[in-house]
Amino acid sequence: MINLTINGLAVSVEKGSTVLEAAQFLGFPIPTLCHHEGLTPYGACRLCVVEIGEGPGARLVSSCTYPAEEGLKVRTASERVVRARKMIIELLLASCPQSKVIQDLASAHGVRTQRFRQEYEDCILCGLCVRMCSEQMMAGAIGFRGRGTERSIGTPFDVQSDVCRFCGGCMHICPACQLRCTYNQPEKAICNACANLAPPCIEKEQYGDMMCYMNPCVACEIK
Amino acid sequence: MDTKDILDIIERNGKNHAGLIAILEEVQEECSYLPEEILRLVAKETGRSLADIYGVATFYKAFSLKPKGRHCVSACLGTACHVRGAQKIVEEFSQELGIKPGETTPDNEITLETVNCLGACALGPIVVSDGHYFANVTARKVGEILRDTREGTFGSDGAPEEHPFLIEVSCPRCGRSLMDSGTSLHGHPSILVTASMNGKTGWSRIPSLYGRFARTHEHAFPDNTIIQLSCPHCASSFQDGSRCVECGAPLATMRLADGNGVFRICTRTGCEGHLLDLGRAEL
């Protein structure tokens with residue numbers, strides 16, 4: 001067992017657990033987007049920042065990737081943490097303003113203004129779908145491609161993957177996915193996962209083999 | 001390049017995580033780009049997902065998924081080059097070639113690339129053509145560079161063109177050949193001499209490819225020390241009083257086997273000083 005202090009409370013957690021797991025187990029809420037039980041920690045969204053250490057040596061780390069250490073002093077909601085978190089949410093909101101998950105986060109954390117230009121991206125590159133595909137579905141059909149501003153998630157060579165089983169796991173887990181449904185352009189769909197699910201909009205001719213994961217669909221506006 | 005070559009490359013580099021970049025590098029060297037079917041084969045053989053391998057191949061700028069031209073022209077767009085007008089030069093290249101950076105001319109001759117820094121900022125703007133560097137390039141020089149590139153003046157494999165020049169030497173005293181065809185260095189017979197320092201004596205091998213001086217010694221001599229080189233047959237020393245122009249250390253002198261000149265090499269370990277004096281039969 002490892003003894004550490006979270007928000008002034010002395011606790012002990014099992015060896016090998018992360019700060020995030022320890023805090024969540026004890027009931028301290030830490031928001032996350034890219035963390036999911038059953039998938040390896042990735043540390044992409046940075047929403048789970050916490051402050052460790054004391055005085056001038058204190059620093060912000062992502063709790064989902066930081067292992068609990070003996071004697072560690074963690075603050076999950078210090079002023080610095082809250083400020084950093086609000087900034088991250090504002091930036092995420094700017095890249096995917098249409099995502100319900102991010103909108104809810106912004107609302108819950110009191111982010112009321114939007115200072116950055118909205119990009120309407122359909123991906124925050126959190127890597128959940130990539131990990132879902134390879135770690136839980138054992139498929140590895142999608143992955144990161146390119147780097148920097150060109151970085152994207154998709155299938156190799158932009159063709160439908162031959163290892164994808166259309167399980168829909170990637171869409172299920174995506175926090176920004178609402179617009180990833182490509183309704184009448186099936187060739188643009190990441191894996192055609194939606195084609196496998198019960199389609200409410202199948203009556204519409206051009207959506208014959210497609211549907212979006214949402215029920216009712218929020219993207220294609222077909223009720 | 002067939003399947004067997006790819007399997008060889010994979011076998012050589014190992015199928016573990018660390019070998020992937022080395023495998024892709026070798027494939028790129030062979031094919032000049034990474035063809036889709038080879039990436040699929042690499043994925044199958046290494047047991048990793050194609051998505052993983054595609055991710056690595058698209059992450060590094062050194063890898064290309066599109067075939068490249070015979071010649072490669074890269075213009076530096078680093079900060080220092082940029083403020084000296086590198087953008088104009090890139091535009092000039094684009095216009096002359098009719099392609100955008102990152103593309104290849106339709107005749108598959110020239111690939112135009114931009115790089116972010118070549119580490120020679122004082123010389124900017126810089127353009128590299130097939131491994132040959134041009135400093136202080138102006139838009140006016142673009143046509144000239146392209147003409148020379150097309151003519152293949154700078155080689156086509158990205159490295160400066162090499163003219164392998166083989167030398168064959170013998171002892172100036174006893175006249176016996178110093179060539180040892182039993183052991184080759186860089187694929188050619190090596191020059192075998194005796195090297196001694198502080199009472200330690202052993203053989204020393206010099207590649208017979210002129211310009212390559214990665215010497216191997218029987219004993220490990222410390223860097224930057226002067227060793228005595230002598231004939232393995234008659235044991236006479238090769239030092240004849242001439243001095244290296246690079247470091248001033250004594251030069252060892254050997255006679256070319258055809259008797260038409262001498263070959264001199266610096267006796268200081270680590271120094272690459274050498275010269276070939278043709279048309280001098282006597283010492």
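Across the stretch A:20-62, Cα pairs under 8 Å and at least six residues apart give a relative contact order of 26 percent.
This ranking places B:Val193, A:Val101, B:Val127 by how few other beta-carbon atoms lie within 10 Å of each, fewest first, which gives A:Val101, B:Val193, B:Val127. Would you work out if the protein assembly as shown is rounded, prolate or oblate? Take a ≥ b ≥ c from the square roots of the eigenvalues of the alpha-carbon gyration tensor; rounded if a/c is under 1.5, else prolate when a/b is larger than b/c, oblate otherwise. It comes out prolate by the Cα gyration axes. Going down the table (B:Lys100/B:Lys141; A:Lys15/B:Lys15; B:Lys68/B:Lys141; B:Lys61/B:Lys88; B:Lys15/B:Lys61; A:Lys15/A:Lys73), which pairs top 27 Å between alpha carbons? Violating the 27 Å Cα-Cα cut-off are A:Lys15/B:Lys15. The orientation-averaged shadow of the Cα convex hull for chain B, equal to a quarter of the hull surface, comes to 19.7 nm².
Separation of the stretch B:29-71 and the stretch B:214-272, taken as the distance between their Cα centroids, equals 46 angstrom.
Here the stretch B:194-283 is assigned +1 on the Cβ of each Lys and Arg and -1 on the Cβ of each Asp and Glu. Its dipole about the Cα centre then comes out at about 100 debye. When each of A:Met87, A:Met137, A:Met132 is scored by the number of other beta-carbon atoms lying within 10 Å, the sequence from fewest to most is A:Met87, A:Met137, A:Met132.
Counting only the backbone N, which residues of the stretch A:99-131 are under 12 Å from the spot 7 Å out from the Cα of A:Lys86 toward its beta-carbon? A:109-114, by backbone N distance to the label point.
Projected onto planes of every orientation and averaged, the convex hull of the alpha-carbon atoms in the stretch A:96-177 covers 6.3 nm². Counting only the Cα atoms, the stretch B:3-59 fills a convex hull of 70 Å³ per residue. Positive contributions from Lys and Arg (+1) and negative ones from Asp and Glu (-1), summed over other residues with Cβ under 14 Å from the Cβ of B:Leu123, come out at +2.
With all pairs of separate Cα atoms included, the stretch A:2-108 yields a Kirkwood hydrodynamic radius of 14.2 Å. Each residue of the stretch B:103-144 gets 84 Å³ once the volume of the Cα convex hull is shared out per residue. Across the options B:Thr194, B:Val262, B:Ile206, the greatest Cα extent toward the positive end of the charge dipole of the stretch B:169-278 (unit charges at beta carbon of Lys, Arg, Asp, Glu) belongs to B:Thr194.
Bear in mind that the values in this text are calculations on the coordinates, not laboratory data. Quantities reported herein were computed from a predicted structural model and do not represent experimental measurements. Backbone-built Cβ (ideal geometry, glycine too); neighbour counts: all protein chains shown.
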